[in-house]
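Just below is one structure, and these are the notes that go with it.
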Amino acid sequence: MISLVRDLMIGVTLTCWVMSLYKLRDLARNPGYRPLRALCLALVGITVSLTIQPFMPALDRALGVLDLARLLSNCLTLVSATAAQAFLLHMTGDDERTRRRVRRRTVALLVSIAAIAVLFALTPARTALDDPRVASGRYYGDPFDAPFLYVYLTYLGWSMTQVVALAHRYARQAGRPLLRLGLRLIVAGAAWGLVYVLGKLTAVAVGALWPGSALVSDAVVVFSFTVSILLILIGSTLPSWGPLVGLDRLGARLGAVVDHHRLRPLQAAVHRVLPEIALLPEPRGPAGILAVLRDPYLRRVRATVEILDGYATLRPWMSAALLRAAEAAGRRAGWSGARLAAAAEATVLAAALQARAAGAPPAADHEELPDLPAGGAHGGEAAEQVAWLVRVARAYRSPEVTRLRAGLGPATGAGDSDSDSDSDSDSERKQRVQ
């Protein structure tokens, strides 16, 4: 187990060198691009840090100071963590506010490294440099406990928490699938970095109490550190090398499959009431699965077109009063933005399907209704249409929207056009969402 972890770490170190040189080549072509500069610093920092670790005994003897190689490796890891934060910050903006945030983190890094250096200088060496355990390397596998270690772990833990928050926030805004996937891998890698920090602290405590377990705890620490570096390395470079191996095409294909799967329940609901909108018979069972996998783009387009046709056919049964009531109920439930708009639209669409299936007359106030679907899907780009309809389809099936629909009841036409006016009593408003 321990040898396997060490071999994995060697493999990750070699991969770091390859990716560092690859990105340094890109930097030579575009030296003024701040995110790329920060990414290269992060890659080079962690690469050199990993490279130092197998040679710590020889480096300490060459430099004449015990644990100096360990100190350098730890400081380079902190530099890499800070550069990773700068990379993510610059990816979201390059204004003065972003630069101030980067500068503050740089100052925090310098203060931490200065504190580590002072504590290292004031802490007596644990053993002599000519100790046989140092020469053989056994010393470097034992649990290590020194004051500067806790400064290192504290700053690294804070940095990994920042990376998780920044990458998660940016992943929600990223439009490119590979970029979004890469950022999520960075989140996972930073989370493993936090596991490493906790594991390191645990290893120190366990090693001090039960020295016999030192090898096991060391393997866990090395494994978590290696996995963290590997995930962050892949995630940070995926958008550049992914298209070269076809991952963008594979991601687009998988995205089409996922979109179709999310649209299918809404498409089926429209089919049940309006079977005439089906462009072709929908295959079922294994044949249906194979049809989607064979051409997911066509299936996604078909689902989108049929749902939009359903909107057009059902418009006379859509009530403006119900839309306003659903929006008011959603706001009272604390919803806002796209979530509120999708929930209200799904409520109106469900009521229209129900009314059409029951043979009810059209809503008297349907001409007052704004263009639906909303959210940029009405007459917008195909990607916007799909994204919005997926959101509506998710809201259509969600339990909270189902409860909202049940509380509001069916639309009753023009007679409800003032249902959200000030004349409503508090008890009537409460009944709509109960």
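Every read-out reported here was derived from the displayed coordinates using simple, explicitly stated rules and does not represent laboratory data. What you are looking at is a predicted structure, and each value in this text was computed from that prediction instead of being measured. Cβ sites come from the backbone with ideal geometry, for glycine too, and all protein chains shown count toward neighbours.
General remarks:
- Cα-only radius of gyration and Dmax that characterise the chain, units Å: 29.5, 95
- Per residue Cα convex hull volume in Å³ - calculated over the stretch 135-284: 204
- Relative contact order (percent, whole number), the chain, Cα cutoff 8 Å, 6+ residue spacing: 12
- Leu129/Ala360 FRET efficiency (R0 51 Å; Cβ-Cβ; nearest 0.05): 0.05
- The stretch 104-216 pair-distance distribution - Cα-Cα, 5 Å bins, rounded %: 2, 11, 14, 15, 17, 14, 11, 8, 5, 3, 1, 0
- Given +1 at the Cβ of Lys and Arg, -1 at the Cβ of Asp and Glu and no other charges, the dipole of the chain around its Cα centre is 940 debye to the nearest 20.
- Computed over the stretch 293-340, the quotient of the alpha carbon radius of gyration and 2.2 N^0.38 Å is 1.64.
- Once the Cα atoms are used to define both axes, helix 2-29 deviates from the longest principal axis of the chain by about 70 degrees.
- Dipole of the chain computed with +1 at Lys/Arg Cβ and -1 at Asp/Glu Cβ about the Cα centre; of Phe223, Ala333, Gln53, farthest Cα towards the positive end is Gln53.
- Between helix 296-314 and the chain: long-axis angle, C-alpha atoms, 0 to 90°, nearest 10: 40
- Selection from Tyr139, Ala117, Thr98, by position along the positive dipole direction of the stretch 73-144 (Cβ): Thr98
- Taking the convex hull of Cα positions in the stretch 253-374, its mean projected area over all directions (nm²): 8.4
- Pairwise FRET efficiency - Ala278 versus Asp95, Cβ, R0 = 35 Å, nearest 0.05: 0.10
- GNM top mover of Leu280, Leu24, Leu314 - the chain, alpha-carbon springs below 10 Å: Leu280
- Of the peptides 197-206, 76-85, the ranking by mean beta-carbon count within 10 Å, highest at the top, reads 76-85, 197-206.
- Rh (Kirkwood; distinct C-alpha pairs) - the stretch 16-57, Å: 10.7
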